[in-house]
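Engineer: Below: one structure in structure tokens.
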Amino acid sequence: MLVYKALYRKYRPQLFADVVGQPQVTVTLKNELMAGRISHAYLFTGSRGTGKTTCAKILAKAVNCLDPQDGDPCGVCPVCRGLDDGSILDVVEIDAASNNGVDSIRSLIEESNFTPASAKYRVYIIDEVHMLSIAAFNALLKTLEEPPAHVIFILATTEVHKLLPTILSRCQRFDFRRIAPEDIAERLELVCDKEHVEIDHDAAMLIAATADGGMRDALSILDQCIGRSTGVINYALVAETAGLAGRGHLEELARCIQQGDRSHALEIIDALYKASKDMGRLCEELAGYFRNLMLIKTMKDARAVVNAAGEELDRMTKLALSMDLSAILHGLDAFQSALSRMKTTNKRTEMEMTIIRLCSPELDTSPEALLRRIEALERGGALRRATAPVQEGAVAVPSPAQEEPEKRREETGKQTPRSGSAPSIEVLSQNAMPFEAWPEIIAIMKNYSHSVAAAFQGSAAYVSGEYMLIEAPQIAFDLLKRASQRDKMREAIQQVTGRVYKLGPYKPPTASPDRAGKPENTLDQFIRDMRDAGVEIEEK
Ligand SMILES: Nc1ncnc2c1ncn2[C@@H]1O[C@H](COP(=O)(O)OP(=O)(O)O)[C@@H](O)[C@H]1O
Ligand SMILES: [Mg+2]
Ligand SMILES: [Zn+2]
């Protein structure tokens, strides 16, 4: 009978060289084995599915192999083969989660006093070692103090903080990391190749992001995808399999919140409700979506932790960059508290109230909402109030404040005077802070073009809200008129700061009145009043 073998079992690495993304473990172990340095107690820690058991098995084989190859087991000698087929019993795996009593450890220790039957070392792999009872721990500890010469313990755990310091101090410790999404995707592509299955790179990256650094989960998701697919494994199939399908409404709702469009938001919720969407689940998903936005907004490279890839990730990134961090945190907070209230209230009503509050911070008197309003004012724009009904199917147009001034200039072919709520360069410049790392940006630009870098010789930059204001000779600005140059500049800035800034010219405050002597502008006044009222305001 043909027995189906799960991919993650079928593709368990047999050599250190095949273990992905853990060089701090595999290279070190190989070097030590080659030098003949063997410990009697190892501790492997790290999150699930990162290779702890895999490496423990390889290590157990490598120390016993009759013909090791650069620290790796040969895989073909009688001992390697005997360990593989189970005819040699000197490698013992114990799951502490199910054998956690002192008796099982005692009998194990007793047994360890007998020399190994056929192999050089008797190796005990104790998985989930943090689950042992206190008594069992103490018994193990005694043995670890004076282990018999032919015994090796490999302890593995996902929760190292639960181990006693006395255990830790007796083991050589190896920390397994979450595996980088690129590394996971590469391995998935290799497995697909061997299985004669086609997979898109986007799809492999989405699996990797969903697996959160664990190879076992990644391979399990791939397994399910293969089971469902009839052709190429693509992004949509992965999204559907991993339960991420149809997240378009989350993006749309987030956009409504960003634009203050509560009427459209309520329409979406109504449609979802009529389609039998559970409102609690929706709330959870929205919290997850806002968490992604938060990570994108605050991390230099959030790809590894954000549960999305490809175009979806691009759109999410754009949205995150167009929102203030306080608005994102406000959303996350609001959905999380709504979720806990939903246990006792009507879920739909709770969902609607939450959405209305988030779309209309002017109705919301919580400190988070006030902070959002302040930030909107700081940007020079007011949050649009959605009092006018939104036409069905109408495409939301970003308010002028959210658009780049340069872009509008380009479109109209001339310098349009800034109108409405867009911030003026003068106001932005007045509130700007010197940007110290500017020379780093110019150094990056130099790699791209020497002449561009030369034009920015002696330039300086200032940060003001979402803007990076540049003080440079006219020739430099002439260069920046080209979109490709601006993109390069923005990329360089993002590389250094982790943020996408809008670009603008810096206008130094005119020499006349001393800034300190000037009456405070109303925004400063407003912020101070808020502070006095006990509202915490982050300086950006
Ligand atoms: N670093 C890795 N490189 C390649 N495959 C891995 C790696 N880590 C885990 N795997 C895959 O996941 C499966 C489970 O890994 P395992 O070593 O049992 O994880 P754990 O860290 O939970 O003990 C393996 O059989 C293998 O297919
Ligand atoms: Mg394991
Ligand atoms: Zn061998």
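Engineer: Please give the net charge around ARG122, taking every other residue with its beta carbon less than 10 angstrom from that of ARG122, where Lys and Arg add +1 and Asp and Glu add -1. Walk me through the numbers on the way to the answer.
Structural biologist: On the way: positive: LYS120; negative: ASP90, GLU111.
Neighbourhood net charge equals -1.
Engineer: Here's another thing I want to ask about it. Compute the length gained on full extension between SER47 and ARG341: take 0.36 nm times their separation in residues and subtract their Cα-Cα distance, giving the result in nm to one decimal.
Structural biologist: Numbers: separation 294, 0.36 × 294 = 105.84 nm, distance 3.19 nm.
Roughly 102.6 nm would be gained on extension.
Engineer: Let me ask something additional. Can you find, among ALA62, LEU141, SER107, the residue sitting farthest towards the positive end of the charge dipole of the stretch 54-177, where Lys and Arg contribute +1 and Asp and Glu -1 at Cβ?
Structural biologist: It is LEU141, whose Cα lies furthest towards the positive end.
Engineer: Pairs LYS274/LYS318; LYS277/LYS343; LYS277/LYS347; LYS446/LYS488: which are spaced more than 21 Å apart, C-alpha to C-alpha? List each step's numbers first, then the result.
Structural biologist: Values: LYS274/LYS318 30 Å; LYS277/LYS343 17 Å; LYS277/LYS347 11 Å; LYS446/LYS488 11 Å.
Flagged as over cut-off: LYS274/LYS318.
Engineer: Could you give the nm distance between label points at ALA17 and ALA97, where each point is 7 Å from its Cα heading toward the beta carbon?
Structural biologist: Result: 3.3 nm between the two label points.
Engineer: Please enumerate, by chain and number, the lysines with C-alpha under 21 Å from the C-alpha of LYS507, excluding those fewer than 8 residues away in the same chain.
Structural biologist: LYS407, LYS414, LYS481, LYS518, LYS540
Engineer: Also, I was wondering about something else. Starting from the Cα of LYS142, draw a straight line to each of the lysines and keep only those under 21 Å, dropping any in the same chain fewer than 8 residues away.
Structural biologist: LYS162
Engineer: Once you put a point 7 Å from the Cα of GLU251 and another 7 Å from the Cα of THR166, both along the Cβ direction, what distance in nm separates them?
Structural biologist: Roughly 5.7 nm, to one decimal.
Engineer: Compute the length gained on full extension between ASP183 and HIS196: take 0.36 nm times their separation in residues and subtract their Cα-Cα distance, giving the result in nm to one decimal.
Structural biologist: Values: separation 13, 0.36 × 13 = 4.68 nm, distance 1.98 nm.
Length difference between fully extended and current span is 2.7 nm.
Engineer: Starting from the Cα of LYS52, draw a straight line to each of the lysines and keep only those under 16 Å, dropping any in the same chain fewer than 8 residues away.
Structural biologist: Cross-link targets: LYS30, LYS61.
Engineer: Using Cβ counts within 10 Å as a stand-in for footprinting exposure, how do LEU363, LEU164, LEU503, LEU43 rank, fewest first?
Structural biologist: Values: LEU363 11, LEU164 14, LEU503 18, LEU43 23.
The fewest-first ordering by Cβ neighbours comes to LEU363, LEU164, LEU503, LEU43.
Engineer: Under a crude label model (7 Å from the Cα following the beta-carbon direction), how far is VAL500 from THR349 in nanometres?
Structural biologist: Taking the two extended label points, one gets 4.1 nm.
Engineer: Moving on to the next point. Taking a ≥ b ≥ c as the square roots of the eigenvalues of the Cα gyration tensor of the stretch 248-378, is the shape rounded (a/c under 1.5), prolate (a/b larger than b/c) or oblate?
Structural biologist: Working: a/c = 1.65, a/b = 1.18, b/c = 1.39.
Oblate, since a/c reaches 1.5 and b/c is not below a/b.
Engineer: Once fully extended, how much extra length lies between LYS277 and TYR448, figured as 0.36 nm per residue of separation less the alpha-carbon to alpha-carbon distance?
Structural biologist: Working: separation 171, 0.36 × 171 = 61.56 nm, distance 5.01 nm.
Fully extending the segment from LYS277 to TYR448 adds 56.6 nm.
Bear in mind these aren't lab numbers, they're just calculated from the coordinates by the rules spelled out. Treat the numbers as computed from the prediction; the structure is a model and nothing was measured. Every residue, glycine as well, gets a Cβ built from its backbone with ideal geometry; the counts of neighbours run over all protein chains shown.
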